[in-house]
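The values are calculated or read from the model by the stated rules, or taken from the named source; none is laboratory data. From a predicted model like this one, the values you see are computed outputs, not experimental measurements. Cβ sites come from the backbone with ideal geometry, for glycine too, and all protein chains shown count toward neighbours. Accessible surface areas use protein heavy atoms only, side chains included; no ligands, DNA or RNA. Shrake-Rupley method; radii C 1.70, N 1.55, O 1.52, S 1.80 Å.
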Amino acid sequence: LPDQELSPPDGPPGSLRSHGPGGAAAFASRPFIRATDPGEMAEALWRNYRVGSARFEDTEAPFLALANGVRLEGVRFHYCRYDTPAQISFVAMGGYRQVFVLSGSSEFTLGGTKMALGPEATGLIPPGSDFDAAYSQGYAHIIAEFDEGALVRKAERLTGRDFAGLPDLPLGRALPAGRFWKTRGLVDNLADQFANGADEAALPITELVQ
């Protein structure tokens, strides 16, 4: 069978579910998207994210895709898992996004620049980006999406200086995950709690925001 390429339905894209103080428990519980069919997953992506196109390879393995997320003050966390190779185009995605690969590998294409990531590397995507994401079979990640204004305020508190914007950041290229060992450790903690259905993720999420 050929690969399955799907086009978005009419209508504006939706947005990820927003949670209040109970969001940590929601993030660690069952995903709010669970799809066992490519068309079902594509529809869910178009309803909840700014997606231009979605393509899933046809394999002998059963199709399974999961997504979850939580929004706190100044930061959002996005979890996804694809048991089937996937290629998805995202449009005008907000916030600074730091990608932490939990399993498999991915390649993000931003303005012609390719950023290959695996568990040994992390990467930063700037606000307002259009990008293509290619995910391997058995892929999973958590993305920490930081609000630009919140990051500027954090930098001002840490340095005691005023900033018109953020200083130069290493955007759009793979960075050794070892440089972010503490952040990655907190992300792994969250991923473990997510996988085991725990509901006590508030502390690591709070630490990761800091």
- request: Could you tell me which residue of the range 81-136 is nearest to residue 149 (Cα to Cα), considering only residues that are open to solvent by 40 Å² or more (accessible area, probe 1.4 Å), in contact (Cβ under 8 Å) with a residue 40 or more places away in the chain and among the polar types (S, T, N, Q)?
  value: 113
field: Qualifying residues in the range 63-80 (those that are open to solvent by 20 Å² or more (accessible area, probe 1.4 Å) and modelled with pLDDT of 90 or more) - the one farthest from residue 147 (Cα to Cα)
entry: 63
query: Mind checking which residues of the range 60-117 are in contact with a Gly (Cβ under 8 Å, 6 or more places away or on another chain), farther than 15 Å from residue 143 by Cβ and either assigned to a strand (DSSP E or B) or aliphatic (A, V, I, L, M) (or both)?
result: 89, 91, 92, 113
message: Quick check on the range 48-55. Is at least one of its residues under 15 Å from the mean Cα position of the chain (by Cα) and assigned to a strand (DSSP E or B)?
response: yes
field: Residue list for the range 164-183, restricted to those being surrounded by fewer than 13 Cβ atoms within 10 Å (Cβ to Cβ) and either at pLDDT below 70 or among the charged types (D, E, K, R) (or both)
entry: 164, 165, 167, 168, 169, 170, 178, 179, 181, 182
query: residue 158 fails exactly one of the following numbered conditions: (1) open to solvent by less than 20 Å² (accessible area, probe 1.4 Å); (2) more than 15 Å from the chain's Cα centre (by Cα); (3) among the aliphatic types (A, V, I, L, M). What is the number of that condition?
result: (1)
